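In what follows, a single structure is set out as C-alpha cells and then discussed.
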Amino acid sequence: MTEEPLPEHGRVPGEEYVKEGRTPHPGLRPLARWREFAARHGLTVIALLIVSIFVVFALIPHYLAPHPPNRLDVASRLQGPSAQYWLGTDNLGRDLLSRVIHGTRGVLVTSGTAALLGVIWGSLVGLISGYIGGWMDEVIMRVVDALLSLPSILLALLLLARLGPSRVSIVLGIAIVYTPGVARVVRSAVLAIKNSEFIYAARLRGESTLYVLLQEILPNIWSPIVVEASVRTSYAILLTASFGFLGLGVQEPEPDWGLMVSRARDYIQVSPWMALVPVIAISLLVVSLSVAADGLRERIAGTALDTTSV
Amino acid sequence: MIPSWARFALRRFGLMFLTLFLVTLAIFGIVSAMPADAAQFMLGQHATEEALAVLRARMGLDLPAHIRYVRWLGDAVRGDLGWSPYLGGEITPVLAVRIRNSLFMGALGFLVSMPIAILLGVLAGVLAGGFVDRLISITSLAGLSLPEFVSAVGLTLILSTWLGWLPPSSLMAADAYPWQNLNRLILPALTVTLAILAYVARMTRGSVIDVMNQPYIRTARLKGLPERVVIFKHALRNALLPTITVIFNSMGWLMGGLVIVETFFAYPGVARLLLAGVERNDLPLLQATTLVIAVITLSANFMADVAYAFLNPKVRL
C-alpha cells in the first residue's frame, strides 16, 4: 500500500505552530490582540458575526421575532416589507422575518448534529482503517470510493426513503453520507504520523491498540478533524435545506427554510419576497460559515486552501 | 503494441466495474435488505394479508436476499428493471424517456454554460489580480457554495418574473419531446449547471495563470508576437486541457443537482421519478432509478479519467 499524498489540510499537525508560534504577539492585551486579529482577518470577523447572529436566533427566537411564526393574517397576505411586517408576509399572511428567525434552530441543530455524527463515525473508520492497514484498509477504502462516487444527495435520499422521512432520519442520512469522506481525510492524517517514533515508543511500552489510537494518534490529528467538521457543517446546511425544500422530514406549519422556499415557488410571479427572504437567510448563513471555516483552516493549517477543491 | 493510454483505460474500466458492483450492493442493501418487511413498508399499516401476499409473490420477496440480488442484477443487465406499483407497469420504458429528458436538459445546460465558464475563466486568468478577476472569482465562489434552489429562485426572479423572457415552469407531458419546448428548458438547464459553471471558471482561471507563467509564453512574447496571438495560439491550447476533464467530472454534480432543479421547475426527468419512488415507498422504482443514475455518474467519471490520460501522458502510469 503506497501512501497517498496528503490533502492540503491534512498536513502534519502542529508543525506550523512550532515554527510560527501560536499567538503572534503574546504580550498584547486581549482587546488589542482581538483588534489585530480583526484587522488581519476582516472578512472572517464579519462572517463570524453573522454566524453568531444566527446562533442567537436559534437560542432565543421567541424574544427576537416580532410576531408568532404561525400567526395568520389573511388580510395582509403576500405583502412586501412594511412597518408591521419588516420583511413582508407569505401566502397565509404569516410574518416572514419571524418565520426565518424561528426556523434557524431547526436548520442549525439538524445540520450540526448530522455533521458531528458524520465526523465522529468517519474519524473512527479512518483511524481504524489507517492504523490497522492491511486487507481491511484495502476493503474499507474500496467501499469508501464506491460510496463517494455517488452524488451525496442520492445516497441520502435512499437512506431517508428507507428510514422513513423524519428529522432523525435526515440527521442519520446526512451523517452516513458524510462518513466516507471524513474517513478518507482522517485516514491520510493517520498514515502521515503512523510511523513516527512516538507511536513506536508507545507500542514498545506495550500499550494497547485502543490506547495508541485514542491517546497518541487522535490528539495529533485534531486539526484536520476540526477543519473537516467546520466544512461539513456548511455542506450539511445545504443538504438539510434541500430536504426541507423537497418536503421530506418536515411538515407545515413548521417554519423550515427549505419548506418555505418550496411553498413560495407557486407565488414567485406574485410576490418575490416570500421566496427571497428564506433564500437570503440560507445564503447568508452558508456563505458566512464557509468564509469562517476558511479563516479557521488558515489559522489551523497556516495556509489558505482553495475552497473549490471540494 | 497497445498504446499506454489504452492500457490505462482498460485498467480504469475494470476498476469502474468493481466500483459499480459495490454500488449495486449498497443500493440493494439499503433498499431491500433492511430489517423491516418490504411489502408492509410499501403498502402501509392497513394493508390486508391478501394484498401483502400478492405483492410478496409478485416481487419474489419470499426468496432469500442473495437470490433476489442476483436476479435483480441479472434482469437489470438485460435491460429489465422490474415492475413498479406506482407506475403500474414495467419501469424500463418509462425510465428511458425520463433519462432522455434529463440528459437533454443537462446537455443543453452544458452547451450554454461551458462557453461562458471558459470565457470568464480565461478572462479572469489573463487579467489575474485585477478588478475583473476579483469580481469573477468572488461571484463564482458564491455560485459554488449555494444550493440549487437558491440559484433557481434568483434566476427565475431575474429571467422570468422581472424580465419576462422565459416561462417560470417547465411542466410538460413526460413523453413530449423536450426539444420542442426549448424555451421551457433554458431556466432549469441554466440553474443546474450554474454551480458547474462557477467551478469550471475557477479551474480554467487557475490553469490559465499556470500556463501564462511558463517559459514558452515568455519566449512567444519576446519574439514580439502580439498578445492576442500569444493568448489564443500559445496559451489557451494548453490551458484548456484540464478543463475538459473537469467538465466530464462534474456529471455527478449534475445528477445530484437534478433532484432539486427538476422539482423546482416541475420538469419530467429522472430525478422526479426517483422522488416519486421516495414519496410513495416504491422500492423497485427507487432501486431502478438509483442504479441508472449511478451508472451514468460512474461512466462519466471513467470518461473523464480516460480523456485526461489521453491528453496528458504523465498520468498514464
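Some notes on this structure:
- Separation of the B:LEU52 and A:SER76 label points, Cα + 7 Å toward Cβ, nm: 5.4 nm
- Using the Cβ-Cβ distance between B:ILE138 and B:ILE158 with R0 set to 22 Å, the FRET efficiency works out to roughly 0.75.
- Across all directions, the average projected area of the convex hull around the alpha carbons of the range A:175-264 is 7.3 nm².
- If R0 equals 51 Å, the separation of the Cβ atoms of B:ARG78 and A:LEU49 corresponds to a calculated FRET efficiency of about 0.30.
- Tensor-based shape of chain B (alpha-carbon gyration tensor, a/c under 1.5 rounded, otherwise prolate or oblate): oblate
- Estimated buried accessible area (total), pair A and B, 1.4 Å, Å² to nearest 100: 3800 Å²
- Of all accessible heavy-atom area on the protein assembly as shown, the percent that carbon and sulfur account for (1.4 Å): 66 percent
- Estimated FRET transfer efficiency (A:ASN91, B:ARG12; beta-carbon r; R0 35 Å; 0.05): 0.10
- Averaged over A:239-250, number of beta-carbon atoms from partner chains that fall within 10 Å: 3
- The overall shape of the range A:31-307, judged from the alpha-carbon gyration tensor, is prolate: a/c is not under 1.5, and a/b is greater than b/c.
- Helix axis angle, B:182-212 relative to chain B longest principal axis, alpha carbon, degrees: 40 degrees
- B:ILE67 - accessible surface, heavy atoms, 1.4 Å probe, Å² rounded to 10: 70 Å²
- Most to least packed among B:149-158, B:229-238 [average Cβ atoms within 10 Å]: B:149-158, B:229-238
- Residue-wise HN-Hα coupling along the range A:236-241, computed from phi with Karplus coefficients 6.51, -1.76, 1.60 (Hz; x: Gly, Pro): 4, 4, 4, 5, 4, 5
- Spatially, the range B:238-317 and the range A:67-132 are offset by 29 Å when compared through their Cα centroids.
- Surface analysis of the range B:11-91 yields an accessible area of 58 Å² per residue, using protein heavy atoms and a 1.4 Å probe.
- Principal-axis tilt of helix B:131-145 within chain B, Cα atoms, nearest 10 degrees: 10 degrees
- The residues packed around A:GLY122, meaning those with a beta-carbon under 10 Å from its beta-carbon, carry a net charge of +2 if Lys and Arg are +1 and Asp and Glu are -1.
- Mean residue ellipticity (222 nm) of chain B, computed from DSSP H runs ≥ 4 via -39,500 (n - 2.57), nearest 500: -23500 deg cm²/dmol
- Counting charges near B:ALA152 (Lys, Arg +1; Asp, Glu -1) among other residues having Cβ under 12 Å from its Cβ returns a value of -1.
- 1.4 Å probe, heavy atoms, protein only - residues of the range B:241-275 losing at least 50 Å² accessible area vs chain alone: B:ILE260, B:PHE264
- Structural descriptor for the range B:11-91: relative contact order 15 percent, calculated from alpha carbon pairs under 8 angstrom and at least 6 residues apart.
- In chain B, Cα pairs under 8 Å separated by at least six residues give a relative contact order of 27 percent.
- Surface calculation, 1.4 Å probe, protein heavy atoms: A:GLU36 sits at approximately 60 Å² accessible.
- Threshold 50 Å² - residues in the range A:156-172 whose accessible area is reduced by that much or more when the chain is no longer isolated, probe 1.4 Å: A:LEU157, A:LEU158, A:ALA161, A:ARG162
- Neighbourhood charge, 10 Å Cβ-Cβ cut-off, centred on A:ASN91 and excluding it, Lys, Arg +1 and Asp, Glu -1: +1
- Per residue, in Å², the accessible surface of the range B:97-316 once ligands and nucleic acids are set aside, probe 1.4 Å: 42 Å²
- Using C-alpha pairs below 8 Å separated by at least 6 residues, the relative contact order for the range A:31-307 is 24 percent.
The values are calculated or read from the model by the stated rules, or taken from the named source; none is laboratory data. Source: prediction; values computed, not measured. Ideal geometry is used to build each Cβ from the backbone, glycine not excepted, and the neighbour counts take in all protein chains shown. Note: accessible area is taken over every heavy atom of the protein model, side chains too, but ligands, DNA and RNA are not part of it. Shrake-Rupley method; radii C 1.70, N 1.55, O 1.52, S 1.80 Å.
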